[in-house]
Amino acid sequence: MECEHCNKREAITVVGGRKVCEVCARNEILKRIRRDAVSTKTFTYKEKVLITIPDFLKSEGNLLKALLMKACYSCKLDGEVLEVSTKDESDIVGKLWKILRTSMETMKDRGRKVVLPFTADFLMAYVIYSVSTKQKDYVWLLNYKQEINGVVFIMPFFSTSQKELSGYLTHEIATGDSLFDSILKWEEENLGENYELFHVYWNSGKILYGEKYCKLCGAYVTHDGLCQRCSLSTTSRP
Ligand SMILES: [Zn+2]
Ligand SMILES: [Zn+2]
């Protein structure tokens, strides 16, 4: 199958619903990162940002850093990487808690934005997980941008699937949470080329939105203050 964009090379994947070759796949993703950054006026030139890279998204995080460094004038960023190991947390909510709380702690008084490499596959699996386990703590991640207690989180891959990234990398996400990983597997086997789904899934997440956020990690809470995880970890400290 020939690339529908350049009509020269062999198509290797689908980006934005079109079959494309490796070169065009890369270009399309770079253009998307640039377009989203410009249209949302998210970054200023050479802005210092924190790029948080969880252990299970290392390749995606490094790719995102490289893309943001060269995407465009206004989003040519000065990125500092924060690697987070989530091995001591067994389920995905605990892992997200670790990632977000560590990011917020690192950001304290430094006024940087936090960039996260969550892809559409990951976030869609998280919505399904949230509905089935009734744990909706961080459903606000299903956005390009979200401000939590003065910290701005940016998820540039929120509408980009793993398959669309395959011009750059082929990586199967495995978080270590078996329920979550089986949802990811199911998505990969059944939705792989269904590009449109990855652009509408976040609307279904909106019904799960809460109103108040935990001060330390951003989890939805019903009363002002800390979420259960944060209050436990704070009281257990000497
Ligand atoms: Zn091409
Ligand atoms: Zn919390």
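The table for this structure:
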| item | result |
| --- | --- |
| Unmet criterion (only one of (1) free of Cβ contacts under 8 Å to residues at least 12 places away in the same chain; (2) farther than 28 Å from Asn143 by Cα) for Glu4 | (1) |
| Residues being in a helix (DSSP H, G or I) and either acidic (Asp, Glu) or buried (at least 21 other Cβ atoms within 10 Å of the Cβ) (or both) - total across region 43-64 | 6 |
| Pairs with Cβ under 7 Å, 6+ apart, first in region 106-117 and aliphatic (A, V, I, L, M), second part of a loop (DSSP other than H, G, I, E, B) | Val115/Pro156; Leu116/Met155 |
| Residue within region 80-102 that is more than 16 Å from ligand 1 (Cβ to nearest atom), of a type in the set (A, V, I, L, M) and farther than 30 Å from Cys227 by Cα present | no |
| Test: Ile128 is within 21 Å of Cys214 (Cα to Cα) and assigned to a helix (DSSP H, G or I) | no |
| Residues of region 86-122 satisfying the condition of being assigned to a helix (DSSP H, G or I) and in contact with a helix residue (DSSP H, G or I) (Cβ under 6 Å, 6 or more places away or on another chain) | Ile92, Trp97, Ala120, Asp121 |
| Test: residue in region 199-209 that is more than 16 Å from ligand 1 (Cβ to nearest atom), modelled with pLDDT under 75 and in contact with a Leu (Cβ under 7 Å, 6 or more places away or on another chain) | yes |
| Positions within region 1-40 being surrounded by fewer than 20 Cβ atoms within 10 Å (Cβ to Cβ), assigned to a helix (DSSP H, G or I) and near ligand 1 (Cβ under 9 Å from one of its atoms), in sequence order | Glu22, Val23, Asn27 |
| Selection count, region 29-71, where residues are in contact with an Asp or Glu (Cβ under 7 Å, 6 or more places away or on another chain) and either aromatic (Phe, Trp, Tyr) or more than 21 Å from Gln146 (Cα to Cα) (or both) | 1 |
| Region 9-29, residues that are farther than 19 Å from Ala71 by Cβ and not charged (D, E, K, R) | Ala11, Ile12, Thr13, Val14, Gly17, Cys21 |
| Residue list for region 131-159, restricted to those being basic (Lys, Arg) and either over 11 Å from the mean Cα position of the chain (by Cα) or in a helix (DSSP H, G or I) (or both) | Lys134, Lys136 |
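The values are calculated or read from the model by the stated rules, or taken from the named source; none is laboratory data. These numbers come from a predicted model, not from an experiment. Positions of Cβ are backbone-derived with ideal geometry, glycine not excepted, and every protein chain shown enters the neighbour counts.
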